[in-house]
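The values are calculated or read from the model by the stated rules, or taken from the named source; none is laboratory data. All values derive from a computational prediction rather than experimental measurement. Note that we place each Cβ from the backbone using ideal geometry, even for glycine, and neighbour counts take in every protein chain shown. Heavy atoms of the whole protein, side chains included, go into the accessibility calculation; ligands, DNA and RNA do not. Shrake-Rupley method; radii C 1.70, N 1.55, O 1.52, S 1.80 Å.
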Amino acid sequence: MASKRGSWKTRYGFYLLAIGSACGLGNLWRFPYVVGENGGGAFILLYGLLALAIGAPLLIAELMLGKGTRRSVIVATQQMSAKTGVNFRWVGRLAVMVSIVVLSYYSVISGWVLHFLTQFLVSLFSSPEQLTDKTNLAALMSNGWLQLMLASAHILITVVVVVKGVQQGLERWIGYTMPLFAVLVIILVMRSFSLPSTPEVLRFLFYPDFSKLSWDSINHALGHVFFTLSVGFGTMVTFGSYMREEDHVPTAGFRVTIVDTVISLVAVVMIFPVAFQASNVPLTDPALMFEVLPKYLLGIRGGTLFGLAFFACLYMAALNASIGLLEVVVSNWVDAKKEMERGKATWYSGAIALMLTVLPALSSSIFKDIRVGGRSLIENLDSLLINWLLPLVALGILIAFNRGVSDKEKELGFVDKDKFVSYSMYPHWMFVLKWAGPVVIIVGLLLQVIGVFVA
Ligand code: PHE
């Protein structure tokens, strides 16, 4: 059975997929405003700590679950249920449900990226003044149908790529555009560092003021760690199932975590000086990046071309992450229902995502008066998915892994006798799986519940 499953000829293929799925809008768009919302430095510290101490070990566990069972999360958790007699089926199903809802929501934001991409393209042939009006985010926000159209276009592109089975080729291609993206980002970081707001920004970002943390900060940090590392979706279970026998899972998991965390930090130092400069924009707003960056780019020499290249690369990253999300839904569907064809499953999943996307796409226009707790629909959806459901699913997968995979198997998968770090880290990893991980997730959820009542 296992031989029928695709696996890569080289290690490079795995890294392209795993890093491609991890690094996306979560790092560049979501992380900066979550940091803004939670008061800066202290939150970044908390986030970094949780990414390394909890995120990486759980990522390794998901990969190992996939590699061991050679199945996606639904069937893998079914196997854990059969082995232990405990019902873990809901975990796999919930993970896939979360994936498809996240895809519909992610598509709206990818649609915003598409919007700015096309605007920068158009502006190459028109005057910058015209562009200033069009790149105005408020115009996009009030136009729900445009957002819905862009999100639908994004879903369609994602479905076509997955149906045609060209993602391996495309991913490689996307992989090649990423060095260009890195160069663009480094240039932007250097430019934004030359702005007068930099000292103030550095104080905000790297001088921890713990009084700024609130009851729900742990879960905001933890939820974002899971979101950005693609943990709690079953994504990494699927990717693990494609790994080669000889690949060392902990090394892979650790590298993905490091790359992803570095990119998030770079995103923050790129956006914040510009955001502080344009002091009218609240740092806590999900629109932060889209509000300040296009305006800033338009003001500098060669900014239009730069903006075009930047948003093109950003779109590639968003597309790659979306392909990962859809791929997981499809691979689960095909694994769980043998008679289901891959192509059909992909179209059906796309259709479901398309239906679900209506709500977030129209959140800032037609549904703008529907507010819960003072926040818009899309913000509430984000919070429900990322701060509540993801930690819950991640906890479920963790418990299924703990119970269903014996300690001997864990040791075999983790310890490489030739690598000192691997056997010295093994007891720490086990400690996180059995104690620290579940305790931190449960405490985070409880504090968040308290936060709801205190607020
Ligand atoms: N990790 C991605 C990001 O940060 C989001 C994602 C989650 C993508 C799960 C695929 C699967 O943007």
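To keep it simple, each residue is scored yes or no on (1) of a type outside the set (S, T, N, Q); (2) out of contact with any helix residue (DSSP H, G or I) (no Cβ under 6 Å at 6 or more places or on another chain).
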site: R70; (1), (2): yes, no
site: T77; (1), (2): no, no
site: K83; (1), (2): yes, no
site: L94; (1), (2): yes, no
site: V98; (1), (2): yes, no
site: Q119; (1), (2): no, no
site: V122; (1), (2): yes, yes
site: N136; (1), (2): no, yes
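Of the residues L52, L94, L28, L121, the single one that is within 13 Å of the ligand (Cβ to nearest atom), assigned to a helix (DSSP H, G or I) and not β-branched (V, I, T) is L28. Pairs linking a residue in the range 302-316 that is of a type in the set (G, A, S) to a residue that is open to solvent by less than 20 Å² (accessible area, probe 1.4 Å), with Cβ atoms under 6 Å and 6 or more positions apart or on different chains, are G303/L297; G307/F120; G307/L297; A309/L184. When I157 is tested against (1) within 16 Å of the ligand (Cβ to nearest atom); (2) open to solvent by less than 60 Å² (accessible area, probe 1.4 Å); (3) in a helix (DSSP H, G or I); (4) among the aliphatic types (A, V, I, L, M), exactly one condition is not met: (2).
Among residues of the range 15-29 being within 9 Å of the chain's Cα centre (by Cα) and of a type outside the set (S, T, Y), the one that is most open to solvent (accessible area, probe 1.4 Å) is C23. Of the residues V274, V266, V259, the single one that is at pLDDT 90 or above and touching a Phe, Trp or Tyr at 6+ places or on another chain (Cβ under 8 Å) is V274. Is it the case, given these coordinates, that F311 is within 22 Å of the chain's Cα centre (by Cα), away from the ligand (no atom under 14 Å from the Cβ), at pLDDT 90 or above and open to solvent by less than 10 Å² (accessible area, probe 1.4 Å)? Answer is yes for this residue. If you take the residues in the range 199-229 that are open to solvent by 10 Å² or more (accessible area, probe 1.4 Å) and under 30 Å from G20 (Cα atoms), which one is farthest from the ligand (Cβ to nearest atom)? This residue is L202.
Within the range 18-25, is there a residue that is within 22 Å of L389 (Cα to Cα) and touching an Asp or Glu at 6+ places or on another chain (Cβ under 7 Å)? Yes, the range 18-25 contains a residue that is within 22 Å of L389 (Cα to Cα) and touching an Asp or Glu at 6+ places or on another chain (Cβ under 7 Å). Among the residues of the range 30-48, some residue qualifies, meaning at least one is more than 23 Å from A321 (Cα to Cα), more than 16 Å from the chain's Cα centre (by Cα) and surrounded by 24 or more Cβ atoms within 10 Å (Cβ to Cβ). Within the bounds of the range 249-258, is there any residue that is within 10 Å of the ligand (Cβ to nearest atom), in a helix (DSSP H, G or I) and over 17 Å from A51 (Cβ atoms)? Looking through the range 249-258, none of the residues is within 10 Å of the ligand (Cβ to nearest atom), in a helix (DSSP H, G or I) and over 17 Å from A51 (Cβ atoms). If only residues of the range 361-384 that are within 17 Å of the chain's Cα centre (by Cα) and buried (at least 19 other Cβ atoms within 10 Å of the Cβ) are counted, the one that is modelled with the lowest pLDDT is I378. The selection criterion, being closer than 16 Å to I186 by Cα, away from the ligand (no atom under 11 Å from the Cβ), of a type outside the set (S, T, N, Q) and in contact with a Leu (Cβ under 6 Å, 6 or more places away or on another chain), does not hold for F290.
Those residues that are of a type in the set (S, T, N, Q) and either crowded, with 23+ Cβ neighbours inside 10 Å or within 20 Å of F226 (Cβ to Cβ) (or both), I need them from the range 236-293; list them, please. Within the range 236-293, T238, S241, T257, T261, S264 meet the criteria. Filtering the range 31-43 to residues that are away from the ligand (no atom under 16 Å from the Cβ), outside any loop (DSSP other than H, G, I, E, B) and within 28 Å of H428 (Cβ to Cβ) leaves G41, A42, F43.
Is it fair to say F272 is hydrophobic (A, V, I, L, M, F, W, C) and either away from the ligand (no atom under 14 Å from the Cβ) or touching a strand residue (DSSP E or B) at 6+ places or on another chain (Cβ under 9 Å) (or both)? Judged against the criteria, F272 is a match. Among the residues of this structure, L390 counts as one that is assigned to a helix (DSSP H, G or I), modelled with pLDDT of 95 or more, aliphatic (A, V, I, L, M) and within 30 Å of G437 (Cβ to Cβ).
Filtered by the rule that a residue be in contact (Cβ under 8 Å) with a residue 12 or more places away in the chain and surrounded by fewer than 24 Cβ atoms within 10 Å (Cβ to Cβ), the range 328-347 gives W333, D335, A336, R342, G343, A345, W347.
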